[in-house]
Amino acid sequence: MTLSGCEVNWMDEFGGAITVCNTDGIIVYMNDFSIRQFEKYGGDNLLGTNLLECHPEPSKTKLREMLEKPIENTYTTEKNGLKKVVTQKPWMENGKFCGVVELSFELPSDIENQIRT
């Protein structure tokens, strides 16, 4: 599908990692950014593997919980001076829980926090 002259497959070139797994934890999609981000762990060879095998505790337990029921998890992290936001949301299709979508992207060091009223 094309909208406003652009293809809807925007995820491939999104400026952050998009990783999707099914309810068994099997990685079914990684955008280009995600493949590069996880290159040292196998990059696109991670497609078809189980995310549960990639996570230590307590992350593994949290992921297992998210695969059992559609719940969300959002947090920030910092490593080597880079701050990121990670949000994990249920993948839903026509009301059916199909897995988990994870978006992660860097936060600028000078990010502004706006309080809305």
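The values are calculated or read from the model by the stated rules, or taken from the named source; none is laboratory data. For clarity, every value in this text was computed on a predicted model and none was experimentally measured. When we count neighbours, we look across all protein chains shown, and the Cβ atoms used for this are built from the backbone with ideal geometry, even at glycine. These accessible areas exclude ligands, DNA and RNA; they are computed on the full protein's heavy atoms, side chains included. Shrake-Rupley method; radii C 1.70, N 1.55, O 1.52, S 1.80 Å.
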Segment PHE105-ILE26, extension gain: residue separation times 0.36 nm, minus the distance between their alpha carbons: 26.3 nm
Surface accessible to a 1.4 Å probe, per residue, for the residues of the chain, Å²: 71 Å²
Packing-based order for 40-46, 15-21, using average beta carbon neighbours within 10 Å, highest first: 15-21, 40-46
Using θ = phi - 60° and Karplus 6.51 cos²θ - 1.76 cosθ + 1.60, couplings along region 25-37 (whole Hz; Gly, Pro as x): x, 7, 6, 10, 7, 9, 7, 4, 5, 4, 4, 5, 4
Calculated P(r) tail over 22 Å for region 21-117, as whole % of Cα pairs: 35 percent
Label-point separation in nm, GLU78 to SER59, each point 7 Å along Cα→Cβ: 1.9 nm
Heavy-atom SASA rank of ILE111, ILE26 (probe 1.4 Å, accessible area, largest first): ILE111, ILE26
Phi-based couplings in Hz for region 46-57 (Karplus 6.51, -1.76, 1.60; Gly and Pro marked x): 6, 4, x, 9, 9, 4, 4, 6, 9, 10, x, 6
Largest-first ordering by accessible area, 1.4 Å probe, given options ASP32, ASP110: ASP110, ASP32
Carbon and sulfur %, accessible surface of the chain computed with the full protein complex present, 1.4 Å: 52 percent
Compactness of region 65-117 - radius of gyration and Dmax, Cα, Å: 14.4, 40
Amide hydrogen neighbours beyond the local backbone of LYS83, cut-off 5 Å, H modeled: LEU107
